[in-house]
Structures are given as structure tokens and as C-alpha cells.
């Protein structure tokens, strides 16, 4: 019998990969044994050709479940998170192969670890998202959300861009560079890290601004309170803005980008043995224990 | 007449420098005109040979004033801050020459800007401090405070050290390096910045751990909540620990260093035109405004 | 009378800028006084509306002069260098405003410093160039030269690329990143520096490979002998290749890029007071002299 | 029968480690089978209690052998190299465990790979060394050699040093920092790499100067021709100078350090499968092959 908490469970996945499909089968079989009510996301249902299953589209599934399980990898969870965060539904990630920073159930542990989650044994943390809005001639012409990062970057490979950064209404700096990464703690182990940004503990209420190939040597990553309101003004060139790696818009000089923390957060569920530092040791090669106690 | 708020004003300074002595004279003359009650720190009084002045030692002056003014530079304020933070007294810094990150009244602006502060026109922010305690064989053998940073570093120039980091009781990593800088936001524009750490906005409730010349390429600055409780375990070598650049102790293998946020904060007073980003532009060379609005 | 060496002098410049036109006038007037034979590049001649001047196109001017003077800035000299290096003609650069790394005659010093050069008082050094060739299905489909750098970079802003690097026929590494900068010493103070590359003394026979936002933390700039033969194999994505900031081609998976040192070098002429380190101190903010001797 | 080339073979090792002693036994047994004349370094002979062996001290052994084999690790080879480079004797390194950058015969491959070397099948390359001389009041008061690096560094943990750098008689910069690493290509994968220096291909005739925690953000690693003559002038503080991690001297303000390439080079012998890039992939985690050809 499922826990009181998690009776109806949504299942998502990047089902074009065979390994994902296999894990989805294992998961569904297990959930049925546990007598959970299952709702499949439409793409998953299409691949599984499940006629008797309850099916809902991505945009909608979060509102009808007590828990959503994403099978795939950090990328799959990232894509789902932006939609799911609008509902107050917790999300658990099952990884295809090795552990991820967001998806920390291994395929071989599905029954044991999902079982424990259903029994109410799990850790949870909540991650904030960023919202980016583009304003042109005084009107909002585009907006998008990001769990990892908003990247503001030269669209053409051989041109630097010029922009101004304003924080909470105060002018911070102008910069001539390839762009700027605005990252949450969740994104600090992704693209921002490649750009030399610091790693931020997941629960930190902060964001980091990482300059990309700045023209002057004095530019450094800048860590701000997550409630800071950012405004970028494009001065030169035609940069692009992307959220979590999805390109959203080509910008013009004069465009302004407003980046703010969203009011909704994503609630992430982890197995009891989840440990951010262990993931860093595994994925980043940080040193393990040397001392005996 | 002084403001209601700041009636009794303490004056500190690194009075071995002539420029500082001159600014102290200007300051005292001005405070007398304003009918403020002045308390001189003992060293200042000794140099000024002021017979009718009220005098108190450094350790004590904070408890008898409504405001303490430090004349000197960021280093002077840093040294005073660790003592003054124990009292709830606000501190204002007068710089000898160019602006500092902590001392932002210029000598030529003493009358105008200190005047405004006495009139109640000022900005204030509060900075947290770190406390480092060394434990050996289960006993605390040393402790010290830092407004900028606790630096844990090889005492002999040609040896790396080996240590473990634990955060909130969880093992984070072992590291083979020249040492580790644990910095507050206040210290993030000082030594931590030389080591590649990010700049943190002064009011951020976070600290950054910057590895010094780590043996592996995977080590990165790590930003944690300021309430995190750190424990460093010395595995090899005889490192030293220093707080704000003052060496406090030589350590042995097996020693443990506990680093925590102190309950008391330092209350810093700034003139109305104070702006952290302007200081970064001035001192770090960040780009000024390019666009016309 | 001009020196024996430099009788015929070519004049180039980015003549859309008024400041450049003014300096060109000053230069030509001075060269006429010195009785030099002057050849204007076509665009310069068009702007100057000089009817009696000798005129030659860019592609050709290098073959008819003993010295070419470029008025403009590092960018102008860079653009001209790729063409001029094919001839054995020395090149002198006049900067519009502040000093550059390549153009080190100030507008106000034209008469004095160009005069000294004509009198045979000058320094010279020679810079190597790189040649990049793109091979597709066994055929060379594009090639270009670079004095600063060959940049191999994601053409779309939100995608990393995957490629292999081979050096002198040996596999070096595969990389998942935003791209790779291959820079000469001349380019080491330009884009490669923004990417964290080291500065290389101009006469060094070496090139540096700077990974751009590499996915793994273990990637580092790699300095190789300038005679090394590089081969990049595109594995994934559609990167672009640019030489000195000019985009030359969109690549496909399977394309191979060969990067080699060119046999011809650019001969740069400098005033007698030219000093690479002084330029670094001026432009990069390196510390000046502190000690008295 | 040994090759014509390598008839007399010296054996060195850090014989305080059991694993090293075991490998030395395997090596000696093998060399005896091959009828090589063996000369043991005194410490090795003492541990082995070999009564019939030919024995020579470290300082001397290089002059009596055709080949010296060092058993231990990169550190052991480094220590031996400074002495051996004075003779023209080639050196082969046997690693205790995993591969090193200098020692690339694994214990289990001793017979096969040393056998091939004796048969004349091997690769060799030559590495330059640096010489550091300290001059005080016009007299040379200390000197030492380095295969990896000369490190000029604050001796006390909490103090920065101030110094000037001169290159080939020209003033380069003054710097306020924790120190400076001057590294050969051989050392570029050691301490210099921890400090953010680039990796240099072993055969490159260049050295890199890596600033340690520089006070200004504009300092960068600087790559110079290996023949450059460096002069460091101590302005403030009492730094130490070390060569390959051995502390050699405490310095005073006014001391001058001259760093030059030594005329002698170390000749390193490698097995035929030696590959610098493969070592980087193994030790640094660079990406392996992804493409199929």
C-alpha cells in the first residue's frame, strides 16, 4: 500500500532512449504492486501503448499527482521542473546510469528506494527558479523560467557583446564580454562551473553571476542574494538569451532583461542516502576520506 | 549639537602615520564644534598629548560610546572591528587616502560627511564575523575572531598540507593543498579574491571556502550558508591558522579547527553616497556606465 | 630625405573614423616633407580624394612598398597583417588614441617617431601566423590565416560541441566544451587572455590552446611548440571557425580542421622606446616600479 | 646480453618503502640475467645488504654508468635528476604504483620494458633545468638547481611579499603577492598547475611564471623563452626560495635572485609506448577517444 502522502504518482521520461523505457517498465510494475494510482505523461503512454493507464499531458500532470517521478537524467528533470514547479508537487528523479546532481535513484535501486520514498522515508529540499523577462520598447516580449541558469550570450560566434548590469535599481557595471551566466545554486554545478563560477550549496538563497570571457581581467563571479532584482541592458550586438540551455530569443540593442527569483519553488525528493558532497566527490573527483576515526 | 543618537564618540587610529594624525586633529576639532563628547583610544591620546580628553583603552572604548570613528584604512578598521563587534556600537571609517571597502569617508570630506552622520543622515549595514577554535586532544587550545577571513595554511613554504573538511557534521572532502581560506562577504574582496574566490555582496548570509593551490584540478570555491558549522581536521604537516592576517597558532596533525559564525555582528556606518558597486568600479576597475539614458 | 631602406611607403587606415583621417593627413604631409614616395591603399585614396597620389588595392600594396604604415588600432593592423605577411614588407602601426599591443605610435608623435623610423632608428620583431584549413570528405573546402587566433566555437549560443584534438599525428584529448582558442603569442593578450590563457612573450615560438568553458574541470591551457601540427575533428554540433574574429565557415560533424604555422612571418616595426612589459603595465595594470635603485 | 649502449647500470631508489625494495629486487635480478654490470647507490646497497655489489654514492654514481634507473616515483626521480644532470647519463624511472609524469615503467612491466630499453628500443627526451642564485650585498650566498620549479614564496603564512621582476635586464613588473613560481615544462604539471599555470609540452623551450595569490586581478601566468634571464628583487618581507620543493634559503629585503637555464640537460628514457597526452588523460582526467575512425 502506498504511503498516505503519495497515493497518485505521475511518471515522466525521455522515452526515446531504450534504457529509459526499461526503467519506466520496472517503475510502473513496482508501483502497481504497491497499489499506487499511476498517471502517465502523454509521451510515455504513447511509447508504452498502455490502454488502461490514466494519461495526462506534461502541462497538466503536476496538478493531479502527489508525487512525480522523472526517469532519465538531470536534463530530463530540468525540462520537467520548469513546468512542475508551478504546482506544489514533489519530484523524484531516476537516473539512467550514473548518478546526477538532480536524479539520484539508480535503475537497479528503483524498487528499494522508491519503496522507501512511498513508505515516507526520504529527504527533501526545495530549489528556487529564476524568471527572465525581455522588455522591448516598454513591452514584455518574451519570458521564460530556469532551474539552472539564464545565459545571456553572443549569438554570433566571433562577436563580443556590451551590456550594463543593474542590481536592485543600482548600476553595478558595464561589461564587454561574450556574455553573462546567472545561475542558481542548482545550476552552479552545471554551465556556471565550466565558466569558473563557485559551487554553491543547494539550499543557499543566492545566485551567482559569472562573466563569460570578459574583456578586462578585473571581472569576477559575483554572488548575490537570491532576491536581488537584476536588469541587463543590451548596448551593442545581438545576443541571445537562453534558460537551462533552451534558446528563447534574439535580442537587440536597447532590449532590457529582467531576472528575478520566482515565487514558486521546486520540491525535490531524495533517497535517505542522498548527500550533496558525496555527489561532488563522485562526479567532480573531490577527495574521499583519508583519515581513520 | 550632535544628533540624539550619537552623543558620545570614540576615536581610534593608527597614529604612527602622520596623515592619520592630521585627520584625527581635523576630526576632533570638528566634533568639538559639534559639542560631541569625545573619548580617545589610549594610543591616540598618547600621541595627541591631550590632557583634558577622556581616554579609554581599545578593549573598553566600545562599551562607552554611541559611535566609534576609526581613522586609517581598511586594515585599521579590521583590527578594531574584532574588538568593537562585542559591543553593539556602530563604526564609521575615515580613510587616509583613496577609498577602501570598509572606510569610505575621504580626509577632505570629514566635516561634511561626519556632519551628516551626526545629523542622522547615513547608511548602515551589519557584517557577520567568524570564530575559529582550535581543539587538541579534546580541549580548546586557541580561539580568535575574523571579520574578513580565517586562513588555514602551510606554515613552511615548500610543503602542502592534508586535511579533511566536515560541514554540519557531514564529511565534505579531503584535500591536499597549500591551505584553505574561509571568507565572509566582507573578506571576499580581500585575500579570498586573490585566490580566485567570487565576490559576495556584503549583506549576503554566506561564506566562501577557497582552496589554495589544490593538488587536484577539481577543487573549486564553495559557497555555503553563513550558519554552516565547519570542522577541519589536520591530517598531515604543521599548518598555521590566522584570522584577518594575524597568525594565531601552529597546528599539529590531529588538531581540529571549528569555524562558526559569531552571534554578534559589526554595525558599519556609511555616508549617504556609499555604493558597493561604485567601490568595485573604483578599486577593481569594473566598467563604468557606457549607455546614456 | 628618407632612409635608404624605406623609400616607398604604403599608407593604410580605417578611414571611416574622423580621427584616423586626421592622422593620415598628418602622416602624408610629413612623408611628403621627407620626400618619400607614397602609395595609398584604395579606400584611403577614395576618402582623401587625392588625385595625384599613387594608389594600389590592399591585396597588392605590400608588393610595392618598402614599409607599410597602418593608421587605426590593433584591429586595423590585424586585418592588414594577414595580407601583408605574404610580402616581406615591414609594417608600422599608428594608434588612434591610447597605445595598442601592435600599434605603438601615438598620433601626437607621428612626426617624431615616424621620422626616427625613416632615419633607421627603430626596433623590429617578427610574428608568426597560423593557417587553418577545413577538410570535408577529403577535400579542403576553406582556409584562412590568423595573426592572433583561430577560434573554433559553437555557432549556436546554447550548445556545447564535441571534438577531438590530435597533435603531430598523436591523439591528445576529446573535449566537450564551448570551443577552443588556438592563439599565437601575439594573440595571447587578446581573446585567449579573456579565456584564462597565459600571456606569452611576443617572440616565443609557441602557441597556446585555451579550452572554452570545458565541461570537465581538468582542462587547462596547453602551450605547444609553434611548429606543432594540430588537427581538430568535429564530433558533434555545428561549430564555426573564425580567424582573428572574422567568421569563416560553419562546420559539420566529421569536418577536420588543420592548424599550422605559416612559412611567412609578419615583420613589425616599433619606435625605439617600445617595450612589451611597459605596454602590459599600461594596458593590463601590471605594477610599476616600487623600488629605488 | 645488454645493448652496446647500456652496459653499466646504476640503481637508485627511495628504499624506505617496502614496495620500492621489492621492485629493486626484481630489477636487479633481471639485470643480472641480462649480464649487465650493476652499480648500486649507497642507500640502496645498505638496505639490500648486498656484499658483492659495486656501490657508489649518489653524488658520484652518474659518472660511472651508461644508464641510471630510479625506482620510486616522480619525487624520487626529481631528487636524483638534479645530481644526475651534471653527468651526461640517461635516466629511466620505475614507478611504485600508478604512472607518473617522469617515471613510466610500471612494477609489473619491469622485465619486459627494461628489457626493451636494453635492446635499444626506447624513446628519449631531454629536459632543461633552472639554476637559482641568491645575491646579497653583491655576493652569491646560495644557489640550487630545479627540474620542476623555483618557488619564491612568503615564509610566514600571513604575509604577502613585494618584489620586482626583471627579464633580460628589462623591468617587467612589481608585484604584491604570496610569491612567484618559475616552472619548466617538466614542472608545469606539478605545483605550477595547482596555481593556475598552463600545461607546457615537455620539449618546449619555455618557462612559465605563475603569480601566487596576486593582490591585483590583472596578474597572469607569463610564458617566456627558456633562455630568458630573470632577476627578482625582494622589496619587502622575508620570503623563502625553494627548488623542486626543497627549501634553500630565507631571503631579506634587497636580496636578488637570478634564475637561468642551466647548460646541462637531463636525458630521460621512456618505454616505446610512452605518450605525454596519454599520461595527461590518465592523471588529469582529460577525455579519451570518442570517435571511431
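The values are calculated or read from the model by the stated rules, or taken from the named source; none is laboratory data. Computed from a predicted structure; not experimentally measured. Using ideal geometry, Cβ is built from the backbone for each residue, glycine included, and neighbour counts are taken over all protein chains shown.
Residue by residue through the stretch D:166-184, note down the ones that are surrounded by fewer than 24 Cβ atoms within 10 Å (Cβ to Cβ) and closer than 22 Å to residue D:229 by Cβ. It would help to see each step written out before you state the result.
Within the stretch D:166-184, the subset surrounded by fewer than 24 Cβ atoms within 10 Å (Cβ to Cβ) is D:166-171, D:174, D:176-177.
Residues satisfying the conditions are D:166, D:167, D:168, D:169, D:170, D:171, D:174, D:177.
So residue A:75 passes all but one of these: (1) modelled with pLDDT under 90; (2) out of contact with any strand residue (DSSP E or B) (no Cβ under 8 Å at 6 or more places or on another chain); (3) closer than 26 Å to residue A:34 by Cβ. Which condition number does it fail?
The one condition residue A:75 does not meet is (3).
Residue C:274 is checked against (1) more than 8 Å from every other protein chain (Cβ to nearest Cβ); (2) in contact with a strand residue (DSSP E or B) (Cβ under 6 Å, 6 or more places away or on another chain); (3) closer than 25 Å to residue A:178 by Cα and fails just one. What number does that condition carry?
Only one criterion in (1) more than 8 Å from every other protein chain (Cβ to nearest Cβ); (2) in contact with a strand residue (DSSP E or B) (Cβ under 6 Å, 6 or more places away or on another chain); (3) closer than 25 Å to residue A:178 by Cα is unmet by residue C:274, namely (3).
Of the numbered conditions (1) within 22 Å of the chain's Cα centre (by Cα); (2) assigned to a strand (DSSP E or B), residue A:38 fails exactly one; give the number of that condition.
(1) is the only condition that residue A:38 fails.
Residues are listed down the side, and each one gets a yes or a no for (1) farther than 30 Å from residue D:137 by Cα; (2) in contact (Cβ under 8 Å) with a residue 60 or more places away in the chain:
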position	(1), (2)
D:250	no, yes
D:253	no, no
D:262	no, yes
D:266	yes, yes
D:272	yes, yes
D:276	yes, yes
D:279	yes, yes
D:286	yes, no
D:289	yes, no
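Return the total of residues in the stretch A:228-252 being away from chain C (no Cβ under 11 Å), modelled with pLDDT of 90 or more and in a strand (DSSP E or B).
Number of matching residues: 6.
Scan the stretch A:188-197 and give yes if some residue there is in the same structural domain as residue A:212 (by TED's automatic domain parsing), part of a strand (DSSP E or B), touching a strand residue (DSSP E or B) at 6+ places or on another chain (Cβ under 8 Å) and surrounded by 22 or more Cβ atoms within 10 Å (Cβ to Cβ), otherwise no. Let's see the steps before the verdict.
Initially, the stretch A:188-197 is screened for residues in the same structural domain as residue A:212 (by TED's automatic domain parsing), giving A:188-197.
Keeping just the survivors that are part of a strand (DSSP E or B) gives none.
No, the stretch A:188-197 has no match at all.
Tell me whether the stretch C:3-19 contains one or more residues that are more than 24 Å from residue C:75 (Cα to Cα), surrounded by 19 or more Cβ atoms within 10 Å (Cβ to Cβ) and over 25 Å from the mean Cα position of the chain (by Cα).
no
Filter the stretch B:253-282 for residues that are surrounded by 18 or more Cβ atoms within 10 Å (Cβ to Cβ), assigned to a loop (DSSP other than H, G, I, E, B) and out of contact with any helix residue (DSSP H, G or I) (no Cβ under 6 Å at 6 or more places or on another chain) and give the result.
Listed by number, the residues that qualify are B:255, B:274.
Considering only the stretch C:212-226, I want to know if a residue exists there that is assigned to a strand (DSSP E or B) and over 23 Å from residue A:214 (Cβ atoms). Quick ask: steps written out before the conclusion?
First, pick out the residues of the stretch C:212-226 that are assigned to a strand (DSSP E or B): C:212, C:222-225.
So of that shortlist, the ones also over 23 Å from residue A:214 (Cβ atoms) come out as C:224-225.
Yes: one or more hits.
Identify, by number, the condition in (1) over 15 Å from the mean Cα position of the chain (by Cα); (2) surrounded by 24 or more Cβ atoms within 10 Å (Cβ to Cβ); (3) at pLDDT below 95 that residue D:117 doesn't meet.
With respect to (1) over 15 Å from the mean Cα position of the chain (by Cα); (2) surrounded by 24 or more Cβ atoms within 10 Å (Cβ to Cβ); (3) at pLDDT below 95, residue D:117 is out only on (3).
What are the residues in the stretch B:170-221 that are within 8 Å of chain A (Cβ to nearest Cβ), under 18 Å from residue B:147 (Cβ atoms) and touching a helix residue (DSSP H, G or I) at 6+ places or on another chain (Cβ under 8 Å), if any?
Of everything in the stretch B:170-221, those that are within 8 Å of chain A (Cβ to nearest Cβ), under 18 Å from residue B:147 (Cβ atoms) and touching a helix residue (DSSP H, G or I) at 6+ places or on another chain (Cβ under 8 Å) turn out to be B:197, B:199, B:200, B:201, B:208.
Applying the selection to the stretch B:56-85, what residues are in contact with a helix residue (DSSP H, G or I) (Cβ under 7 Å, 6 or more places away or on another chain) and touching a residue at least 24 places away in the same chain (Cβ under 8 Å)?
Result: B:56, B:58, B:59, B:62, B:68, B:69, B:70, B:71, B:72, B:83, B:84.
Could you list, in sequence order, all residues of the stretch A:138-169 that are under 14 Å from residue A:208 (Cβ atoms) and within 12 Å of chain B (Cβ to nearest Cβ)?
Selection gives A:165, A:167.
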